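These notes are about the structure you will find just below.
Only the coordinates and a few stated rules stand behind these numbers; no lab work does. As the structure is a computational prediction, the values presented were derived from the model and not from experiment. Ideal geometry is used to build each Cβ from the backbone, glycine not excepted, and the neighbour counts take in all protein chains shown.
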Protein chains: 2
Amino acid sequence: MTVSVVLNGAHSATRVSEATRTRIVEAAARLRYRPNAAARGLQRRRMDTLGVVAAIDGGVPNLYFLGILNGILEAASARGQNTTIFSVSHHWAADEKKILSFCDGRVDGMILIAPVLSASFVEQLALHMTYVTVQANEPPKGIVNLNVDDEGGAYLAVRHLIEHGHRRIVFFSGPAEFAGVRERIAGYRRALREAAIPVEEAWIVPGGYHLASGRERMAHLLDTTGPSELPTAIFCGNDAVAMGCLEAMAERNLRVPEDFSIIGFDDTLDACLTSPRLTTVAQPLRTLGARAVERVLALIDQEAAGDHEEGEAGESPAEVAADVLSVQLVVRGSVGPPPARFSVIK
Amino acid sequence: MTVSVVLNGAHSATRVSEATRTRIVEAAARLRYRPNAAARGLQRRRMDTLGVVAAIDGGVPNLYFLGILNGILEAASARGQNTTIFSVSHHWAADEKKILSFCDGRVDGMILIAPVLSASFVEQLALHMTYVTVQANEPPKGIVNLNVDDEGGAYLAVRHLIEHGHRRIVFFSGPAEFAGVRERIAGYRRALREAAIPVEEAWIVPGGYHLASGRERMAHLLDTTGPSELPTAIFCGNDAVAMGCLEAMAERNLRVPEDFSIIGFDDTLDACLTSPRLTTVAQPLRTLGARAVERVLALIDQEAAGDHEEGEAGESPAEVAADVLSVQLVVRGSVGPPPARFSVIK
DNA sequence: CTGAAAGCGCTAACAG
DNA sequence: CTGTTAGCGCTTTCAG
């Protein structure tokens with residue numbers, strides 16, 4: 001009907017007389033007319049909705065997720081898109097079917113946050129849904145994966161320590177299967193190598209990315225190492241681990257940064273709540289989310305266009321934003337010079 | 001077609017022969033058939049999706065929201081519902097139009113989290129959408145509003161302080177227009193009254209619910225009050241404010257709980273990250289979210305049923321779960337006896 | 001400039 | 001037991 005035309009804003013060539021226009025608008029108001037999203041979606045083959053798939057619920061508030069989500073929400077809303085959240089367990093493999101079941105046209109595209117992907121799943125999902133990943137463990141070939149510069153961040157952190165005179169630096173790393181863990185180790189190695197400090201393999205300590213793990217590793221280190229063998233600084237794989245370290249030290253009346261320097265990773269907001277406030281490497285979480293939105297939307301549009309005119313492909317592959325975002329060192333109060341108990345080796 | 005019947009699980013009386021059933025299932029698999037949510041929604045008048053409206057983005061990660069969201073996500077998913085998030089600015093009034101525009105059938109119901117509602121908006125929204133609120137500033141008549149026992153929580157907190165021997169207790173309260181602020185003040189008064197401690201009106205200090213406000217209020221208190229006039233304990237309107245207090249004190253080398261006892265409210269997870277860990281009043285955030293889901297869903301079902309058979313109304317108003325959830329005191333390390341500098345007044 | 005007609009993918013009622 | 005029919009509310013040609 002004419003109604004559709006006027007209610008959706010003038011449709012190009014078709015102009016409507018002012019008389020009927022107001023008549024329609026009034027009627028709509030009187031009838032409390034609301035357009036129906038389902039019907040519109042059915043017709044337009046577009047729901048204007050993005051799906052976010054993430055393992056939100058780690059028992060612990062997932063600040064990391066919240067940061068990205070804020071970026072997504074903001075960007076999506078700015079482009080008139082809704083956002084629906086699919087929360088999965090941390091066992092991605094167990095929830096693959098569930099995710100697939102969301103491929104029923106209720107969202108136009110998906111953003112998978114820090115997914116643990118299997119090759120077969122990637123393939124299946126691609127069949128039914130256009131999607132991008134953020135910090136996937138194994139960036140699947142052919143899928144857009146947004147990432148941060150883990151290697152560079154770790155390098156920055158460790159170099160910061162070295163510049164303060166530290167040479168005995170332990171790295172409390174993360175679970176091997178997680179995204180970015182390998183890269184952070186590489187950055188740690190590079191910084192040491194550059195300073196001609198030999199890498200002590202035993203000082204790269206793997207463990208979980210949670211507070212308890214940080215506390216345990218620190219406690220273990222403190223309890224089993226002779227005073228002269230202790231490191232002077234700890235580079236922690238994330239902020240939670242760093243906070244665990246802080247706790248373990250507090251329990252033993254050790255001070256930061258006087259007795260040990262501590263540096264974290266992520267800059268989730270709890271980093272400024274510790275005492276002393278944590279020096280850490282900030283990830284651009286919001287930007288990550290916003291960028292993810294841009295990228296899926298681009299894919300969706302491209303696909304929609306492709307349906308109509310198969311040509312015009314590869315129109316601007318040069319314009320795509322980089323998929324690796326840079327990180328930033330945030331200097332706060334948890335790093336100082338090495339304690340006097342060690343002579344600073346020149 | 002028969003297809004619909006078999007793909008949706010046996011439809012009561014209509015049984016399908018095993019032969020055609022497998023034929024259909026196979027064909028579906030071969031064709032990579034996916035049902036279409038929009039079409040189904042259009043027909044069933046039900047999207048199986050809930051909307052969550054909240055002001056998520058306070059610049060600061062909103063742990064409060066995240067807690068509720070987790071509860072919602074879990075409960076919704078358990079009942080086969082999706083969740084889409086509508087993020088609004090903190091100026092609810094400015095976003096009323098936006099919220100209304102989401103009433104287009106894409107969600108079957110809404111949960112408004114800590115909304116600031118105007119009477120006219122409540123009315124309008126009710127016209128187009130079934131919804132419940134969580135901790136609305138002014139629980140609108142006739143709308144389900146979930147709440148926690150703010151009064152009781154404050155009472156618990158202050159009594160805890162009193163039991164430790166404190167009698168000089170300042171309350172760093174919240175913004176007057178926020179939900180629960182009045183109630184917490186009432187709880188504070190009740191606890192004091194019960195202990196026959198006169199209420200010093202100047203000790204109920206209003207202010208924002210953020211860290212900086214806590215720091216400022218504490219600094220101001222410390223800087224403008226003679227030592228003999230100082231309180232021995234601070235009851236903070238939320239955890240962020242408590243953390244601000246902690247910071248202000250740390251800056252002056254004051255210790256907790258030796259010099260002052262501090263108690264918070266919310267138990268957002270950062271409460272255990274402070275040093276000492278914060279004694280606080282825990283809100284059942286997850287439960288709040290889960291309960292909200294139950295309630296909207298019940299309303300939606302009821303409404304859907306009402307369309308068919310107008311009767312049978314008021315079938316079980318007694319069964320509805322209470323709308324006020326109880327809170328719990330979480331004792332950690334930030335409360336101790338009053339400092340020796342004050343004699344404990346009997 | 002306006003309205004009639006077709007159809008998006010699905011479900012529900014009803015004949016074969 | 002199976003297939004046909006008629007919309008759900010909207011958009012989009014395409015004739016009046």
Handout entry: Percentage relative contact order, chain B, counting C-alpha pairs under 8 Å, at least six apart
Key = 18 percent
Problem - Peptide B:30-37, shielding by other chains (average Cβ, 10 Å cutoff) - result: 4
Handout entry: Long-range amide H partners of A:Val88 with built H, under 5 Å
Key = A:Ala54, A:Ala55, A:Ile56
Practice task
Classify chain B as rounded, prolate or oblate, taking a ≥ b ≥ c as the square roots of the eigenvalues of its Cα gyration tensor: rounded when a/c is under 1.5, otherwise prolate if a/b is larger than b/c and oblate if not.
Solution key: prolate
Completion exercise
In debye to the nearest 20, the charge dipole size for the stretch A:41-109, taken about the Cα centre with +1 at each Lys and Arg Cβ and -1 at each Asp and Glu Cβ, equals 280 debye
Exercise for the section: Please label the shape of the stretch B:164-279 as rounded, prolate or oblate, based on the square roots a ≥ b ≥ c of the eigenvalues of the alpha-carbon gyration tensor (a/c under 1.5 means rounded; beyond that, a/b larger than b/c means prolate, else oblate). Expected result: rounded
Problem - Share, in percent, of DSSP beta bridges within chain A that are antiparallel, nearest 5 - result: 10 percent
Completion exercise
Of B:Val256, B:Val134, B:Val281, the most mobile residue in a GNM of chain B (C-alpha springs, cutoff 10 Å) is B:Val256
Practice task
Would you tell me the mean number of C-beta atoms belonging to other protein chains that fall within 10 Å of each C-beta in B:103-112, as a whole number?
Solution key: 3
Practice task
Given a cut-off of 28 Å, name the pairs among B:Lys97/B:Lys141; A:Lys98/A:Lys141; A:Lys97/B:Lys97; A:Lys97/B:Lys98 whose C-alpha atoms lie farther apart than that in the structure shown.
Solution key: A:Lys97/B:Lys97; A:Lys97/B:Lys98
Handout entry: Charge context of B:Ala54, other residues only, Cβ under 14 angstrom, K/R +1, D/E -1
Key = -2
Completion exercise
Expressed as a whole-number percentage, the relative contact order of the stretch B:154-228 with C-alpha contacts under 8 angstrom and at least six residues apart is 35 percent
Completion exercise
If the chain between A:Ile197 and A:Glu258 were fully extended at 0.36 nm per residue, the gain over the current Cα-Cα distance would be 19.7 nm
